[in-house]
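**Q** Here's a structure for you.
The values are calculated or read from the model by the stated rules, or taken from the named source; none is laboratory data. Note that the structure is a prediction, hence the values are computed from the model and not measured. For neighbour counting, all protein chains shown are included, and Cβ atoms are generated from backbone atoms with ideal geometry for every residue, glycine included.
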Amino acid sequence: MRKEIKLVSFIFLIVFLSLSISACSYNTPSYTVSFDSNGGSSVESTLVEKGRLITSEDLKPSKDDGSMFLGWYSDKDLTEKWQFDKYIVTGDMTLYAKWRLLADYPSELAMANKAFSSSIKWIQSDVIPQKTKFTVLLAKGSEKTDENGNITYSYGKAVPVDGLFTVADDQYTVIWTPNEIPQSGVYRATIKTTQPNNSIEIKDVTLEGAVFKGAGTLDNPYIVSSATDLDTITKGGGTIGNGKYYLQTKDIMDATGNIGDETIFDGNYDGNNRTITIVGDSTAGLFYHISGKVKNLKLSGSIVSTNISSIGLLSNYNSGIIENVLTCERGDSVKSKAGTVGDIDSKDLGGAGGIVGTNLKSGIILDSENNARVMANIGAGGIAGQNFGTIENSINYGRIGAGNTLESGKSKAKALYSYMGGIAGFNYGTISRSGNSVKSDANNSGNVFTQRNDVDAESNFNISLGGIAGYNSDSGIIKESYNTAERIHGDSIAGGLVGTNAGVVEYSYSTTAVAAREKVGGIVGTLIDNGVVNNCYSTGTVSVFNTGAKAYAISEIANDSVYISGDDYGSPPNGDNNVTGNPTVKDMINTLGDKFTNTGKFTWQN
């Protein structure tokens with residue numbers, strides 16, 4: 001009897017659990033899907049269980065004007081089409097109908113969605129291929145800007161332009177491409193239609209603000225007015241541009257950095273003194289490699305790399321010409337954690353520049369300015385991380401390295417930066433008529449700086465810093481250049497112009513305070529190999545902090561140079577024809593040469 005009771009109880013339990021599970025299966029929530037037909041016939045809402053597809057029938061509305069129904073979309077802007085065979089319902093929602101007006105006159109006029117296109121496309125019914133005739137009239141627009149900065153256009157006389165008409169397979173989409181690409185710019189386009197029966201009832205339709213993108217020639221350059229246009233020439237791999245000409249007509253505030261696909265730009269880009277802002281978490285600059293020419297451009301944004309070598313806001317590499325490029329925001333930065341601090345053998349793994357990462361042997365950078373902060377484990381420069389080519393008439397106002405002027409960091413702090421310069425981290429080419437300087441309204445402007453570690457720190461490799469270059473190789477030439485920032489400061493090897501010099505430094509000057517534990521000079525921190533310093537002057541104080549270390553007013557060896565003597569200005573250099581005194585006196589050019597004026601500046605600065 002007891003066994004029977006247990007058996008009955010067990011059966012009852014099984015039935016109860018089954019019913020409970022069954023009940024649970026019917027408790028799945030349902031959501032309401034509503035349909036906004038956007039002027040079409042109404043479609044009733046439906047209930048759909050969570051996680052299920054929408055399977056209701058009769059979801060195709062109609063419209064009295066004969067418009068074609070194009071489907072349901074999940075957003076009011078009709079950009080995200082709902083795919084009924086893939087998308088599941090997760091909550092209450094509304095779908096929106098998209099329509100296409102099919103009329104015997106053009107509708108949905110727009111420029112063809114293709115980079116640098118000068119084609120117009122539209123929708124039109126009753127088009128008979130090869131028989132329906134179209135006439136396109138273009139009126140060139142002139143830009144006007146009111147006192148509030150709003151841009152409007154006035155249009156000149158409309159003239160007919162010959163072109164090729166094609167009708168897509170859907171029999172509704174018409175595309176017109178001019179036989180001869182009009183001058184790039186903004187136009188008003190008018191479409192006239194004539195059917196085979198010479199009907200004149202078909203109304204003309206006008207597209208205002210049609211942007212014709214040019215032909216890529218010097219006289220008719222391609223127009224760049226969006227991030228999409230930029231992507232066409234900065235991404236995709238291979239060589240792009242091939243001598244074509246590009247003109248930027250608007251500020252572009254949503255550009256993205258290159259994605260490391262080694263795209264080479266071989267065209268001619270005129271920024272037209274407009275701005276490009278790089279947004280997002282970019283790990284490289286706007287271009288990967290410039291082999292053509294980029295000029296007249298303002299650039300803003302920040303990039304950070306942990307393992308990509310040679311990065312710069314404008315380009316990772318340059319073997320072409322960069323002219324009149326400005327990094328315009330002091331809040332911007334270029335930061336590289338690639339390479340090893342203090343290890344010169346890792347220099348090719350690191351490198352960061354305000355303008356370019358590496359300026360290659362044929363690369364030329366002219367009349368450019370950096371205001372961004374630049375930081376790198378190894379090889380940071382305001383203009384270039386490494387320079388093998390030519391940098392001329394360029395200036396750095398950005399902070400290089402640490403963001404403050406504290407001379408000591410935390411106890412036993414680790415090294416952060418090495419081989420940094422106001423113009424280049426490493427110089428193997430020529431830097432001329434260039435400078436590192438300060439802006440009065442910008443804290444630490446032009447400083448090349450690392451926090452000094454404790455003397456007994458495990459690593460003291462915040463080394464080799466200079467106002468122009470951190471390291472000037474045996475092939476490097478620095479001439480007619482200057483540093484007037486507040487200070488150069490590091491653990492070891494610091495110079496007003498160059499940290500470590502194996503090349504030539506001549507006809508240059510520094511007014512900057514320089515300090516490190518050892519190997520400090522008003523112009524060069526340390527000379528190696530056959531490095532020389534000629535016809536330079538320094539008025540900045542120099543300081544060393546290690547007992548027994550010596551600071552030099554110019555460099556350990558210099559010739560035909562002028563310096564200030566005294567405890568705060570370091571030891572005089574060895575060499576020939578050096579003069580102690582104030583280098584602003586009238587007869588200074590007798591020692592330094594006619595490249596200087598009596599005020600201490602270069603003749604080209606005046």
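**Q** Of the residues that sit in the stretch 309-364 and are closer than 14 Å to TYR288 by Cβ and of a type in the set (Ser, Thr, Tyr), which one is nearest to the chain's Cα centre (by Cα)?
**A** The extreme case among them is SER315.
**Q** Identify all residues within the stretch 46-56 that are of a type in the set (Gly, Ala, Ser) and exposed (fewer than 12 other Cβ atoms within 10 Å of the Cβ); write none if there are none.
**A** Answer for the stretch 46-56, where residues must be of a type in the set (Gly, Ala, Ser) and exposed (fewer than 12 other Cβ atoms within 10 Å of the Cβ): just GLY51.
**Q** Exactly one condition in (1) modelled with pLDDT under 80; (2) surrounded by fewer than 17 Cβ atoms within 10 Å (Cβ to Cβ); (3) part of a loop (DSSP other than H, G, I, E, B) is not met by PRO583; state its number.
**A** The failed condition is (2).
**Q** Which ones in the stretch 465-500 are in a loop (DSSP other than H, G, I, E, B) and within 29 Å of the chain's Cα centre (by Cα)?
**A** GLY467, ILE468, GLY476, SER481, THR484, ALA485, GLU486, LEU497
**Q** Of the residues ASN535, ASN443, which single one is more than 34 Å from the chain's Cα centre (by Cα) and not hydroxyl-bearing (Ser, Thr, Tyr)?
**A** Answer to the check: ASN535.
**Q** So for the stretch 538-557 (the condition being under 23 Å from TYR428 (Cα atoms), modelled with pLDDT of 95 or more, small (Gly, Ala, Ser) and surrounded by fewer than 24 Cβ atoms within 10 Å (Cβ to Cβ)), does at least one residue qualify?
**A** Looking through the stretch 538-557, none of the residues is under 23 Å from TYR428 (Cα atoms), modelled with pLDDT of 95 or more, small (Gly, Ala, Ser) and surrounded by fewer than 24 Cβ atoms within 10 Å (Cβ to Cβ).
**Q** If you don't mind, there's one more thing I want to ask. Could you go through the stretch 324-333 and let me know if any residue there is more than 11 Å from ALA376 (Cα to Cα), out of contact with any strand residue (DSSP E or B) (no Cβ under 7 Å at 6 or more places or on another chain), at pLDDT 90 or above and not in a strand (DSSP E or B).
**A** no
**Q** Follow-up question, since we're still on this one. Which of (1) of a type in the set (S, T, N, Q); (2) part of a loop (DSSP other than H, G, I, E, B); (3) not assigned by TED's automatic domain parsing to the domain that holds SER333 is the odd one out, the single condition ASN242 does not satisfy?
**A** (3)
**Q** Also, I was wondering about something else. Tell me the residue from GLY257, GLY267 that is outside the structural domain of THR152 (by TED's automatic domain parsing) and out of contact with any Lys or Arg (no Cβ under 6 Å at 6 or more places or on another chain), please.
**A** GLY257 is the lone residue from the list that is outside the structural domain of THR152 (by TED's automatic domain parsing) and out of contact with any Lys or Arg (no Cβ under 6 Å at 6 or more places or on another chain).
**Q** Does the stretch 191-206 hold any residues that are surrounded by fewer than 19 Cβ atoms within 10 Å (Cβ to Cβ) and in a strand (DSSP E or B), and which are they?
**A** LYS192, THR194, VAL205, THR206
**Q** A further question follows. For the stretch 63-78, which residues satisfy the criterion of being loosely packed, with under 14 Cβ neighbours inside 10 Å and modelled with pLDDT of 90 or more?
**A** Selection gives ASP75, LYS76, ASP77.
**Q** Additional query: Out of the residues in the stretch 270-293 meeting the condition of being assigned to a strand (DSSP E or B) and of a type in the set (Ser, Thr, Tyr), tell me which one is modelled with the lowest pLDDT.
**A** Only one residue fits best here, namely SER282.
**Q** Could I ask something else about it? Within the stretch 134-176, track down each residue that is at pLDDT 90 or above, polar (S, T, N, Q) and within 22 Å of ASP104 (Cα to Cα).
**A** Residues satisfying the conditions are THR135, THR166, THR173.
Listed here are the residues, each with its yes/no results for (1) crowded, with 18+ Cβ neighbours inside 10 Å; (2) hydrophobic (A, V, I, L, M, F, W, C); (3) out of contact with any strand residue (DSSP E or B) (no Cβ under 8 Å at 6 or more places or on another chain).
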residue	(1), (2), (3)
THR132	yes, no, no
ASN148	no, no, yes
ALA158	no, yes, no
ASP170	no, no, yes
THR173	no, no, no
SER184	yes, no, no
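**Q** A further question on this structure: Scan the stretch 329-363 for residues that are in contact with a Lys or Arg (Cβ under 9 Å, 6 or more places away or on another chain) and either aliphatic (A, V, I, L, M) or at positive phi (or both) and report the count.
**A** Total satisfying the criteria: 4.
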